[in-house]
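This report concerns only the one structure given below.
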Amino acid sequence: KKGSYDHFMQKEIHEQPHSLTTTMRGRLKDSGVLLGGLKEYLKTIRRSRRVVFIGCGTSYNAALAARPFVEELTGIPVAMEVASDLLDRQGPIYREDTAVFVSQSGETADTLFALDYALENGALCVGITNTVGSTLSRRTHCGVHINAGCEIGVASTKAYTSQIVAMAMLALAVGSDQISTQARRQVIISGLSSLPSKASEVLKLDAEMKELASSLIDSESLLVFGRGYNYATALEGALKVKEVALMHSEGMLAGEMKHGPLALVDENLPIIVIATRDACFSKQQSVIQQLLSRKGRLIVMCSEGDASAVCPSGSCRVIKVPEVADCLQPVINIIPLQLLAYHLTVLRGFDVDQPRNLAKSVTTQ
Ligand code: UD1
Ligand code: M6R
């Protein structure tokens, strides 16, 4: 079933042009989106006082990537909750909330207990899942199946990108009654339809990422700095590296750099900085300058044509990715980091599809 691939994770990374296509099939039109599962609930969602995203691990990160465009297109404040933390705190959930549960498997215990809790508190509960017939799909009031196809590798890859796309369609559908964001919605719709071909393009970085992995194989740690739309990319890239390559890695908000992490910087610690084009670009340029002035060992991810803009001295390693509508850039930017984590794992000699101590679906608390 792995076909010409050595591992499921590798197959699933390379499948993304196709899985993104199936996520959008029959749902994305030039004029807008049609999500059969949400149609009857759009009015209720629009009236809610808050959207609360709830998930664990990669699914939480996908929701974090979606947060900025959900806020932008719907105007509804978005709160983020790691499922276990919501339960630990017994945090407030209200009848006026729309609670959106994100889970590839639809069977994660923490997420399902949080769902019971939100149902008890009277919130509208929406599921975003890859598994038709899962507990999450059955117990939520409504939702969206991401239709990414079965994911076997313990490290979630294609489900992550499809979850973000499903939530982009959700944001477009909920915000579709707003005149003021119509032009922006059109940009995002055409951005969505270009994603499969951009994903094919970025997958051509495979050999380059293998080479980069071989230069990092003996590192003890890897930091990933992102902000804005790509804060989630930093968290998710680091999660992939620690989970499969068994290397310490942390994703960090670049805006927090001076509040602690900067002390770690020296000429040995590899640091990936995500600096693709968006409203935060100039802030990331200055982060890079500050890291370079402390002799940081930098790997910068930037848009094509921006190598000298992000690193005029030429002293950084640069990963050039194709540009897409800014809020969808996380879908493209995570792919080289998935490839990097994959190659690091193989080169370090670890089990790719079944990492030490982990299970695909965490069905106990
Ligand atoms: C549905 C069909 C799809 C068909 C399409 C044609 C299913 C599973 N899907 O897709 O095969 O091609 O119509 O119009 O039969 N739901 C939840 N919670 C979740 C996820 C989904 O309650 O976490 C509910 C939805 O609200 C909806 C149903 O499950 O009632 C199916 O969802 P989805 O597959 O996303 O709907 P369509 O895209 O319309
Ligand atoms: O099935 P779910 O999306 O609910 O799973 C949540 C996490 O357990 C999962 O994403 C985990 O973090 C992955 N192994 C990450 O690759």
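Here are some notes:
- Per residue accessible area of the stretch 99-147, 1.4 Å probe, in Å²: 31 Å²
- Nearest 10 degrees, 0 to 90: helix 281-293 Cα axis against the chain principal axis: 30 degrees
- Residues of the stretch 264-296 with amide N under 12 Å of the 7 Å Cα→Cβ point at Ser313: 267, 288-296
- When the charge dipole of the chain is built from unit charges on Cβ atoms (+1 for Lys and Arg, -1 for Asp and Glu) and taken about the Cα centre, the candidate among Met9, Ser162, Gln186 whose Cα reaches farthest toward its positive end is Gln186.
- Net charge over other residues, Cβ less than 14 angstrom from the Cβ of Thr363 (K, R count +1; D, E count -1): -1
- Förster-model FRET efficiency, 41 Å R0, Ser286 and Leu358, C-beta, rounded to 0.05: 0.65
- Computed from Cα atoms, the angle from the helix 231-245 axis to the main principal axis of the chain rounds to 70 degrees.
- For the stretch 214-277, a/c is not less than 1.5, where a ≥ b ≥ c are the root eigenvalues of the C-alpha gyration tensor, and a/b does not top b/c. That puts it in the oblate class.
- Taking only Cα atoms of the chain, radius of gyration then Dmax in Å: 19.7, 57
- In terms of the mean number of neighbouring beta-carbon atoms within 10 Å, the peptides 6-15, 310-319, 325-334 order highest first as 325-334, 6-15, 310-319.
- When the solvent-accessible area of the stretch 8-76 is split by element, carbon and sulfur atoms take up 48 percent of it, the probe being 1.4 Å.
- Relative to the current alpha-carbon distance between Ser4 and Glu304, full extension at 0.36 nm per residue lengthens the span by 105.0 nm.
- Surface share of carbon and sulfur [accessible, 1.4 angstrom probe, percent] for the stretch 193-309: 50 percent
- Helix-only mean residue ellipticity at 222 nm for the chain, each DSSP H run of n ≥ 4 adding -39500 (n - 2.57), per residue, nearest 500: -14000 deg cm²/dmol
- Using alpha-carbon coordinates, inclination of helix 57-74 to the longest axis of the chain, degrees: 70 degrees
- The magnitude of the dipole of the chain, with charges of +1 and -1 set on the Cβ of Lys/Arg and Asp/Glu and taken from the Cα centre, is near 660 debye.
- Placing a label point 7 Å from the Cα of Glu40 along the Cα-to-Cβ direction, the residues of the stretch 122-147 whose backbone N falls under 13 Å of that point are 141-143.
- Peptides 206-214, 300-308, 236-244, 107-115 ordered by average Cβ neighbours within 10 Å, highest first: 236-244, 107-115, 300-308, 206-214
- Dipole of the stretch 222-365, positive direction: furthest Cα of Pro355, Ile332, Gly314, with charges on the beta-carbon: Gly314
- Dipole in debye (nearest 20) - the stretch 1-155, about Cα centre, beta carbon charges: Lys, Arg +1; Asp, Glu -1: 580 debye
- Cα gyration tensor category, rounded, prolate or oblate, for the stretch 1-110 with a/c compared to 1.5: oblate
- Selection from Ile217, Leu172, Gly228, by position along the positive dipole direction of the stretch 143-244 (Cβ): Leu172
The values are calculated or read from the model by the stated rules, or taken from the named source; none is laboratory data. On a predicted model such as this, the values are computed, not experimentally measured, just so you know. Cβ coordinates were reconstructed from backbone atoms using ideal geometry, including for glycine residues, and neighbour counts include every protein chain displayed. For accessibility, only protein heavy atoms count, side chains too; no ligands or nucleic acids. Shrake-Rupley method; radii C 1.70, N 1.55, O 1.52, S 1.80 Å.
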